[in-house]
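The values are calculated or read from the model by the stated rules, or taken from the named source; none is laboratory data. Being a predicted model, the structure only gives us computed values, none of them experimental. With ideal geometry, Cβ positions are generated from the backbone for all residues, glycine too; neighbour counts draw on all protein chains shown.
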Amino acid sequence: MYSDASGRQLALEKEYMFNDADSPMDSAESQDAEPPSRLSPAPSSHNFNTLENQSACDPGNWKWQIANRLRSVEQISQFLRKQTLPEIDKVIAKFPMAITPYYASLIRRPDISDPVFAMAVPQPRELIDPLFLCDDPLSEDEDMPVPGMVHRYRDRVLLIATTMCSMYCRHCTRKRIAGTRESSITAQRMRQVIEYLRVHPEVSDVIVSGGDPLTMSDGSIEMVLSSLRSVPSVQVIRIGTRVPVVLPMRITDNLVNMLKKYHPLWINTHFNHPNEITPQAKEALAKLADAGIPLGNQTVLLAGVNDDARVIEQLCRGLIQMRVRPYYLYQCDLVRGVEHFRTSVRKGMEIMEYLRGRVSGIAIPTFVVDAPHGGGKIPVLPNYIVSMSPSHTVLRNYQGLMVNYPEPCVQQTPVTESTSQSGVWELASGKAAFVSPAKNHRIKRREKVTADKNTAYLFEL
């Protein structure tokens, strides 16, 4: 355990009532043996046998991956072939490190230019601490009527079921608790959560989060899900997990068969870069989708990782191919240790502007800022409303084409085709139908089609 974490551990024990006896690691070891994963080890040039437990090396087994996570400077340096990693021991002492061998094998270059390396390996920049950063920027602790359960929105709550992740993301918004103690929620605390839900029937949606709840044993996960399903007013359960990204072999047949007993159940995962989309991840997600579990993805916009519109486009296309709906694109939270990852809000707006019209609507996430002080998620979108008048709203599309949209029950006057003199005023007053930007290739293509054919061609054999 890390030197400066003991005080935080005691606070967590009191505040969240997690139990070492029910820790995910202990549960995984004591749980009835599951059949080894059908997945082969992640493709990698690295040698898994340099790790511990060489005699029982089974990289395709999720328990082996958990037991052999990279936790120290020496382990990560050895894995990266003696790569020098200066001063990260101080970072690990403040913000714990854990990387599954599978996820570490996705590192292509052992430096911060590699997106997987940047998200997984601690950097001295995490110790930069501007005054506007804080441990709990979303004020979750202030919205906990029951320790470990956040109730911010009227109809939903978020349950922190564990403080453990298989891999501790360097951009985590819960760096204050994640990894400082690896344990899951106790039965006693779960009973308190259920009591609260029973007297608050307005809560119909429960998000099970952490840590990563899928690092718990099947039995521990089922205890949480069955308890929640015992509350009649709970209609939907959602699980937030990065396991399909960093530990895909955890998605076993046994786990999937258990999860599908608790429908309607949704899962949101957390892919941030196309390099994370692997055959193993695809197979894990296919198991979940085939079990009837709707899948969404929450991406965090990270400087130097995915703050490029073309990277996000590639990611979103890859997600929908795996039957995963891009759900949110998050602006990085104002949490201590992540300042080097933050982009401008403008960068997120530029990416959203780029995506519209280039990819299908089902592949476009909602860009949000999770507001400080518990303000909740605020969608931030490009402005497609140019002007409004009592009779018309002027809209623009992704190409810059501006059109007037007549409001209902307003006496309309005949409109003229747009001319070089047409502008926003002509559109808002109904005097012009649209204003097209110069060199609009789609308009030119339409004109050519119109000149070449009439509607009769639709019915010709």
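Figures for the structure shown
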| read-out | value |
| --- | --- |
| Check on Ala309, in contact with a strand residue (DSSP E or B) (Cβ under 9 Å, 6 or more places away or on another chain) and modelled with pLDDT of 95 or more | no |
| Filtered residues of the range 205-216 (kept if more than 16 Å from Lys260 (Cα to Cα) and in contact with a Ser or Thr (Cβ under 6 Å, 6 or more places away or on another chain)) | Gly210, Gly211, Asp212, Thr215, Met216 |
| Residue, surrounded by the fewest Cβ atoms within 10 Å (Cβ to Cβ), within the range 175-206, restricted to residues that are within 21 Å of the chain's Cα centre (by Cα) and in contact (Cβ under 8 Å) with a residue 60 or more places away in the chain | Arg176 |
| Failed item in (1) under 30 Å from Leu80 (Cα atoms); (2) out of contact with any Lys or Arg (no Cβ under 9 Å at 6 or more places or on another chain), with Val150 passing the rest | (1) |
| Candidates Pro96, Pro101, Pro147, filtered to the one that is touching a Gly at 6+ places or on another chain (Cβ under 8 Å) and touching a residue at least 40 places away in the same chain (Cβ under 8 Å) | Pro96 |
| Residue match in the range 242-256 (condition: in contact with a helix residue (DSSP H, G or I) (Cβ under 9 Å, 6 or more places away or on another chain), in contact (Cβ under 8 Å) with a residue 24 or more places away in the chain, surrounded by fewer than 20 Cβ atoms within 10 Å (Cβ to Cβ) and under 24 Å from Tyr327 (Cβ atoms)) | yes |
| From Ala281, Ala286, residue being out of contact with any Gly (no Cβ under 6 Å at 6 or more places or on another chain), of a type in the set (A, V, I, L, M, F, W, C) and more than 25 Å from Cys172 (Cβ to Cβ) | Ala286 |
| Conditions (1) aliphatic (A, V, I, L, M); (2) closer than 19 Å to Val369 by Cβ; (3) touching a Pro at 6+ places or on another chain (Cβ under 6 Å); number of the one not met by Leu315 | (2) |
| Unmet requirement for Val121, which otherwise passes all of (1) under 25 Å from the mean Cα position of the chain (by Cα); (2) closer than 18 Å to Lys175 by Cα; (3) at pLDDT below 95 | (3) |
| Lone unmet requirement of (1) part of a helix (DSSP H, G or I); (2) surrounded by fewer than 20 Cβ atoms within 10 Å (Cβ to Cβ) for Asp307 | (1) |
| Residue within the range 357-371 that is surrounded by 16 or more Cβ atoms within 10 Å (Cβ to Cβ), of a type in the set (Asp, Glu) and either within 27 Å of Pro294 (Cα to Cα) or outside the structural domain of Phe271 (by TED's automatic domain parsing) (or both) present | yes |
| Residue that is crowded, with 16+ Cβ neighbours inside 10 Å, outside any loop (DSSP other than H, G, I, E, B) and touching a strand residue (DSSP E or B) at 6+ places or on another chain (Cβ under 8 Å), where the choices are Ile92, Ile76 | Ile76 |
| Test: residue in the range 285-295 that is touching a Ser or Thr at 6+ places or on another chain (Cβ under 7 Å) and not in a strand (DSSP E or B) | no |
| Test: residue in the range 310-323 that is surrounded by 18 or more Cβ atoms within 10 Å (Cβ to Cβ), without any contact (Cβ under 8 Å) to a residue 40 or more places away in the chain, out of contact with any Cys (no Cβ under 6 Å at 6 or more places or on another chain) and part of a loop (DSSP other than H, G, I, E, B) | no |
| Tally, over the range 332-356, of residues that are surrounded by 19 or more Cβ atoms within 10 Å (Cβ to Cβ) and part of a strand (DSSP E or B) | 1 |
| Residues of the range 114-162 satisfying the condition of being closer than 21 Å to Ile177 by Cβ and in a helix (DSSP H, G or I) | Met119, Ala120, Glu126, Leu127, Asp141, Glu142, Asp143 |
| Scan of the range 248-281 for residues that are part of a loop (DSSP other than H, G, I, E, B) and within 16 Å of Asn297 (Cβ to Cβ), ordered by number | Ile251, His270, Phe271, Asn272, His273, Ile277, Thr278 |
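One line per residue, one yes/no per condition, for (1) assigned by TED's automatic domain parsing to the domain that holds Ala371; (2) crowded, with 21+ Cβ neighbours inside 10 Å:
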position	(1), (2)
Leu85	no, no
Ala104	no, yes
Val150	yes, yes
Leu159	yes, yes
His171	yes, yes
